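Beneath this line is the structure, given in structure tokens, with notes to follow.
The values are calculated or read from the model by the stated rules, or taken from the named source; none is laboratory data. As the structure is a prediction and not an experimental result, all values here were calculated from the model. We place every Cβ from the backbone using ideal geometry, glycine too, and count neighbours over all the protein chains shown.
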Amino acid sequence: MHFENGEISEEYSAYIRKKTVFIFLVFIVLILMIIISISLGSVHIGFIEVIKTLLNNSDSRQFELIIWNIRLPQTLTAVVAGAGLAASGAVMQSVLRNPLASPFTLGIAHAAAFGAAFSVMILGTGVMASSLNDALNISNPVITLSSAFFFSMVTACIITYISKIRGSSPEIMVLTGIALGSLFMAGTMLLQFFADDVQLAAMVFWTFGDVARADWKDFYFLSGVTFCLLVYFLANTKNYNAMDMGDETAKGLGVKVEMVRLSAMMAASLATSVIISFIGIISFIGLVAPHIVRRVIGDDQRFLMPASILVGALILLSADIVARLVLLPHVLPVSIFTSFLGAPVFIYLIIKGYRK
Amino acid sequence: MILKVNDLEFQYNSHKTLKNVSFSIQRGETTVILGPNGVGKTTLLKCLNSILTPQNGDILVKDKNIRAMDINQIAKEISYVAQKNETARITAFDAILLGRHPHIRYKTRPDDLKKVDAVIKRLDLSHLCLKYLDQMSGGELQKVSIARALVQQTDLLLLDEPTSSLDLKNQTDILGLIKHIVKGHNIAAVMTMHDLNTALRFSDQYLFLKDKTIYGAGKINKISAKMIEAVYGVSVEIVYHKGFPLVIPIENKKAA
């Protein structure tokens, strides 16, 4: 490797190219899956028709209604939620230096779910209904999100504190996650105990995370917040890379380690909160997506973060397509499939040995 | 003078680890901090670049108090090689390039790559550039950490047990190189070390820590057997070989 002229060597360029090609391929596959997702469902719409409708060039009013009112918001919500959860997982794994960290395994998802349920039921920021697709209609997203964020932040702070005093070994993190997850699940159960029939049904439906329930208004809010957080994560990849070398080395390189860690945990908790508030608990995307990417292109955050965002979006979208098609005409909540995918990966990581 | 420490005091919770620590370091000098296990060598080193914040005392780097500097400014003046090398699936080249972190605002510049390349060549690391850290031996990792610190291009190098995972050849190469760079670039290095003979072979100045403070300091050729015995509780004899002191243990008092 020679850089005499201040230029990257051919070997290093080839190495970088491999990673960039992977990201580009995932992006292309994601675009194809978006079109497939819009096309498939109880009413089949041909690819050409999908593209014509998206370009406002369709002759069929029925297809227009299905695509613009149902399929497109659902598909884009899956993309944004998958991206946000995967990025949150990748960033938590990095700043806690823990391979098993993710919003779900650390109990942050359960805390956010409790916070959102608490806000809707006690603070009256949403309307509950006993149907799967519209179990919860959030009328005041800011208060619901604030409540979900508050409880997920409390959890994130406890985890950050424990990682500081006891170290963030995988075992300690997972056990802390179990304890905190159980605590907030118990809190949600307490709310359910005092709920009436409609509220109870709504809360049970709502805990089945499902991207189908987001409408355009929800999507704009969800995507706006998530987009800002993704930009923040991408802008900090250099700091996360330095922290991968250990706290002391990172401090020696001029990284404000405690501040970066706390703000990363806050941002990841906010992303988790906003996603869970609108679509319920989606498990394991934050764990599985970064791990798949790490196996293929390594831990360099400059590539890991964008690749995890795309792979997370791809996994959640694919799981949603399967959930829609597997028991037609019934549409299953996507979280069932992410758990079917995530639990074996989690067990695999424990058996084979985990590597961050 | 590149570093001046006045009355430094540090405590973990209520346990005082360092007190009344004062010393200074000149340009062109390699200084080794010596002392038994747990005496506070690493703590002192971490205080010098604000990884740990001392409760009392001043640390002046090129006459600037580091309390008044932010962490990025400190990283431009002082580089640090930690005792423990963490690994990740990152190439050695990218890990070394991180040494430019304090200097890079947005984008890596050609000048940064030139500096990285110069250090890679000097440490003979070209063959490791595209190897992942998690596939490296302890010695290779240590060399990468030292390369990263050199790429930082600071006037003061802090190295915590820099040779702990290196074999004899690599120890000699790395410490010789550090000494050469310190003299050649007129900077300074402060190391902690356990192996007295290696320490004395490659340093200009020693600093003995005992009872939470500095027990003795001076030029390497002024080191005395009496001082080593007082610090470690072991009788030693010092013989000189080609002008370098060699410490030979005679008897362990407690064992006797």
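Worth pointing out:
- Highlighted here are the helices (runs of 4 or more DSSP H) found entirely within region A:1-86 that include at least 1 residues which are within 14 Å of chain B (Cβ to nearest Cβ) and either within 21 Å of A:Leu328 (Cα to Cα) or free of Cβ contacts under 8 Å to residues at least 12 places away in the same chain (or both): A:10-39.
- Residues of region A:189-224 satisfying the condition of being of a type outside the set (A, V, I, L, M, F, W, C) and under 19 Å from A:Phe284 (Cβ atoms): A:Thr207, A:Gly209, A:Asp210
- Residues located in region B:85-104, provided they are facing chain A (nearest Cβ under 7 Å), part of a loop (DSSP other than H, G, I, E, B) and hydrophobic (A, V, I, L, M, F, W, C): B:Ala88, B:Ile90
- Hits in region B:122-150 - residues which are among the small types (Gly, Ala, Ser) and touching a residue at least 40 places away in the same chain (Cβ under 8 Å): B:Gly138, B:Ser145, B:Ala147, B:Ala149
Here's the yes/no breakdown for (1) basic (Lys, Arg); (2) within 10 Å of chain A (Cβ to nearest Cβ); (3) under 29 Å from B:Lys62 (Cβ atoms); (4) buried (at least 23 other Cβ atoms within 10 Å of the Cβ):
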{"site": "B:Ala118", "(1), (2), (3), (4)": "no, yes, yes, no"}
{"site": "B:His180", "(1), (2), (3), (4)": "no, no, yes, no"}
{"site": "B:His185", "(1), (2), (3), (4)": "no, no, yes, no"}
{"site": "B:Asn197", "(1), (2), (3), (4)": "no, no, no, no"}
{"site": "B:Asp204", "(1), (2), (3), (4)": "no, no, yes, no"}
{"site": "B:Asp211", "(1), (2), (3), (4)": "no, no, no, no"}
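- Which listed residue, of A:Ser131, A:Ser182, is surrounded by fewer than 21 Cβ atoms within 10 Å (Cβ to Cβ), over 30 Å from B:Tyr12 (Cα atoms) and modelled with pLDDT under 80: A:Ser131
- Residue in region B:21-42 that is at the interface with chain A (Cβ under 9 Å from one of its Cβ atoms) and not polar (S, T, N, Q) present: no
- Single condition A:Val255 does not satisfy, out of (1) part of a loop (DSSP other than H, G, I, E, B); (2) more than 14 Å from chain B (Cβ to nearest Cβ): (2)
- Residues being at the interface with another protein chain (Cβ under 8 Å from one of its Cβ atoms) and among the polar types (S, T, N, Q) - total across region B:52-72: 1
Residue-wise test of (1) over 19 Å from the mean Cα position of the chain (by Cα); (2) part of a helix (DSSP H, G or I); (3) charged (D, E, K, R); (4) farther than 21 Å from A:Ser277 by Cα.
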{"position": "A:Glu171", "(1), (2), (3), (4)": "yes, yes, yes, yes"}
{"position": "A:Leu190", "(1), (2), (3), (4)": "yes, yes, no, no"}
{"position": "A:Met203", "(1), (2), (3), (4)": "yes, yes, no, no"}
{"position": "A:Asp218", "(1), (2), (3), (4)": "no, yes, yes, no"}
{"position": "A:Gly224", "(1), (2), (3), (4)": "no, yes, no, no"}
{"position": "A:Leu230", "(1), (2), (3), (4)": "no, yes, no, no"}
{"position": "A:Leu234", "(1), (2), (3), (4)": "no, yes, no, yes"}
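- Hey, A:Met243 within 14 Å of another protein chain (Cβ to nearest Cβ) and buried (at least 22 other Cβ atoms within 10 Å of the Cβ) or not: yes
- Scanning region A:207-238 for residues that are buried (at least 24 other Cβ atoms within 10 Å of the Cβ) and more than 28 Å from A:Gly181 (Cβ to Cβ) yields a count of 0.
- All positions within region B:123-139 that are under 19 Å from the mean Cα position of the chain (by Cα) and either within 7 Å of chain A (Cβ to nearest Cβ) or of a type in the set (Lys, Arg) (or both): none
- Among the residues making up region B:155-171, those that are within 12 Å of chain A (Cβ to nearest Cβ) and in contact with an Asp or Glu (Cβ under 9 Å, 6 or more places away or on another chain) are B:Leu156, B:Asp160.
- Answer from B:Gln152, B:Gln142 - the residue that is within 24 Å of A:Tyr12 (Cα to Cα) and facing chain A (nearest Cβ under 8 Å): B:Gln152
- Verdict on B:Ala75 being in a helix (DSSP H, G or I) and either touching a helix residue (DSSP H, G or I) at 6+ places or on another chain (Cβ under 7 Å) or within 7 Å of chain A (Cβ to nearest Cβ) (or both): yes
- All of A:Val274, A:Val260, A:Val288 fail the test of being under 26 Å from B:Leu159 (Cα atoms), more than 10 Å from chain B (Cβ to nearest Cβ), out of contact with any Pro (no Cβ under 6 Å at 6 or more places or on another chain) and among the aliphatic types (A, V, I, L, M), apart from A:Val260.
- Qualifying residue in region A:331-341 (condition: without any contact (Cβ under 8 Å) to a residue 40 or more places away in the chain and either assigned to a helix (DSSP H, G or I) or acidic (Asp, Glu) (or both)): yes
- Of the set (1) at pLDDT 90 or above; (2) within 14 Å of chain B (Cβ to nearest Cβ), all apply to A:Leu96 but (1).
- Check on B:Leu113, within 7 Å of chain A (Cβ to nearest Cβ), crowded, with 23+ Cβ neighbours inside 10 Å and over 22 Å from B:Leu52 (Cβ atoms): yes
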